Amino acid sequence: MKTQNVSRTVLAAGVGAVLAATALLYVPQLVGEGPPSPPGPAERATIAAHAGAQAALPDLVALITDREKWLRRHPGDDASWAELGAAYTERGTRLGDVQDYPRAERALRRSLAERPAARGNLTAQLGLGALAGARGDWKTAKEWGERVRKADPRRWTVYPVLMDAYSGLGEYEAARKAMETLEKLHSGAVVRGRAAGAYRDRGWREDADAAALDAVALARTGADKAASFARLGDLAWERGEPDEALARYGAALTLVSDHGPSLAGRARALAALGRPEDALRDWRAALARLPLPEYLLEAGELYESMGLDGDARALYERLRGGTWARGEVALALLDADHGAPAAAVTRMRAEWARGHRSVRVADALGWALYRSGKPKEALEFAKRATDEGLRSAMFTYHRGEIERALGEQGPARRHLAEALRINPYFSPLHAPRAQDAVTTLGEPPDELPEELRPEAPSPRPPAGTRPS
C-alpha cells in the first residue's frame, strides 16, 4: 500500500531543512587555534544540517543532548531553543514517536518568548510550521510557512514546509510553484529528492527516477544517502518492479542497517517475490524501528493474506489503540476494509471538512463511502484521487471496484486492469481481488456500445421521386 502514503524520507528532509536554518550559528565552534580536532557527534549533526543533509540518528540525539545541556546554562538563547525544537521534530518524525512533538512545541514557543516574531525570529516560526506538518495539521503549517515566506522569500528552507502543507490541503498547483522556487534558490540532495516526489505526484515516473538518482549522487551523509536509496526503492516498487526495489532498499540498509522505511520497503518487495517469511521478519524489524500507522495496516494485511488471522487482528488492534500524529487515512482504510465502514466515512468526512483534501484523503473517503454502500457518491472522490496525476495502483483499483458496483463495466474493466499494470503486487489482499474482478468482467464485447454505434443511413427514395 505504499502508493497511498507520503514518503517519510521526504517529510524528514523538510524538517531537516528547518534544522539547517540554525546550523551556521554553531559551526564556528569547530574553529580554533592549531589543527582542528575531528568533529564530535553533535558537531557532525550541525555540519550535516548546514549542508541541508540528514544527520545520522545517533548524531541527532547527541545534538539534542548538547542543546539541552547548553540551555540549562543559557536559557535566554532563542536560537538554541529553535534548533532544539527542530531537532525534536526531526527525531520524532524519524522514529515515529509523537512524544517528541510536545517537546518541540515547548522549545519553539520558548524561542519566540525570548525573541518574538515581531523581532524577526523566523527560525522558530519556520520550526512551528514544520512541526505542524509533522502532526498533519496542514492549515497551521501553511500559515506559518507563508508568514516566513512573506518576511524572507529567499529563505529556501521554507519551501519544503510549504510543499508538504499545500499537498496535504490538495493545493497541488501551489505545491508545484513552491517546488519551482526551491529549485531556483537551492540545490543538493534535499532539493533533488523533493523534485523526485513532485514528479512522482504528477505521474512523471522517468523524471522522478532521474531526480532520485541525482539525490543519491549528491547525498553527503550516510543517513541522507540511505533516505535517497529508499526513495528510489519506493519508485521501483510503485512501478511494479520488486527485484529492483529490493536492490535499492538493500543499498539503503547497507548504509543504515535499521533504516525503517527501507525495512518496510524490503518487506513488501519480499512478499511480492514469494518470500513471505522473510517479509514478516522485515515487517517485525520495521515496526520495532518505525511503528507508523500505514505500516501496521500493511503488515496486518500480509498476515491476513497468509491465513494468520490472529496476528493480523493484533496489529489492527494496535493501530486502533495507538496515538498517531498522522493516522487518519490508515485508520479509515482499516475500518473500511475490516468491519466499520460507517466509522471510516465519519473519520474521512471530518478530514475533508478540515480542508485536508489531498489525493490520499479523497481516495480513502471514496473507498469508505463505497464500502458503506454509497458507490455513486464514492465515485466523485475516487475520480479526484486518480485524476490529479499520481499513478497509484491502489487508487486505480478502488475506482475500478466502485465503477463495477455502479454497473459501469467498461470503465471498471479498464481501471482494474490498469491497477494491475501499474503494480501487479500492490497489495497482498487487494491485488488478487483485482485479478479476480478482471477475470469476472471478461473481455470487452466485440460490438460497440449503442451510444457509440454509427447511425444507420436513411433509406434511399425510389428512382424518379424527389425527396420531400
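Partners of residue 383 within straight-line reach, counting lysines whose Cα lies under 29 Å from its Cα and excluding those fewer than 8 residues away in the same chain: 2, 139, 142, 177, 374.
When both the range 252-304 and the range 106-149 are represented by their alpha-carbon centers, they are found 34 Å apart. Candidates 133, 362, 303 compared by Cα position along the dipole of the chain: farthest toward the positive end lies 133, with charges placed on Cβ. In terms of its C-alpha gyration tensor, the range 187-291 comes out oblate, because a/c is 1.5 or above while a/b does not outweigh b/c.
Can you tally the net charge around residue 270? Count Lys and Arg as +1, Asp and Glu as -1, for every other residue whose Cβ sits under 10 Å from the Cβ of residue 270.
Numbers: positive: 266, 268, 275, 281; negative: 277, 278, 282.
Net local charge, residue 270 excluded: +1.
Rounded to the nearest 20, the size of the Cβ-charge dipole of the range 344-444 about its Cα centre is 300 debye, with Lys and Arg at +1 and Asp and Glu at -1. Positive contributions from Lys and Arg (+1) and negative ones from Asp and Glu (-1), summed over other residues with Cβ under 10 Å from the Cβ of residue 304, come out at -3.
With contacts taken as Cα pairs under 8 Å at a separation of at least 6 residues, the range 344-444 carries a relative contact order of 19 percent.
Note on residue 150: aspartates and glutamates with a C-alpha under 19 Å away, same-chain residues under 8 apart excluded, are 164, 171, 173, 180, 183. The distance separating the Cα centre of the range 49-74 from that of the range 324-348 comes to 37 Å. With the highest mean first, a sort of the peptides 337-347, 218-228, 304-314 on other beta-carbon atoms found within 10 angstrom per residue produces 218-228, 337-347, 304-314.
No lab work stands behind these numbers, since they all come straight from the coordinates. Predicted model only: the values in this text are computed from it and were never measured. Quick reminder, even Gly has a Cβ in these numbers, built from the backbone with ideal geometry, and neighbours come from all protein chains shown.
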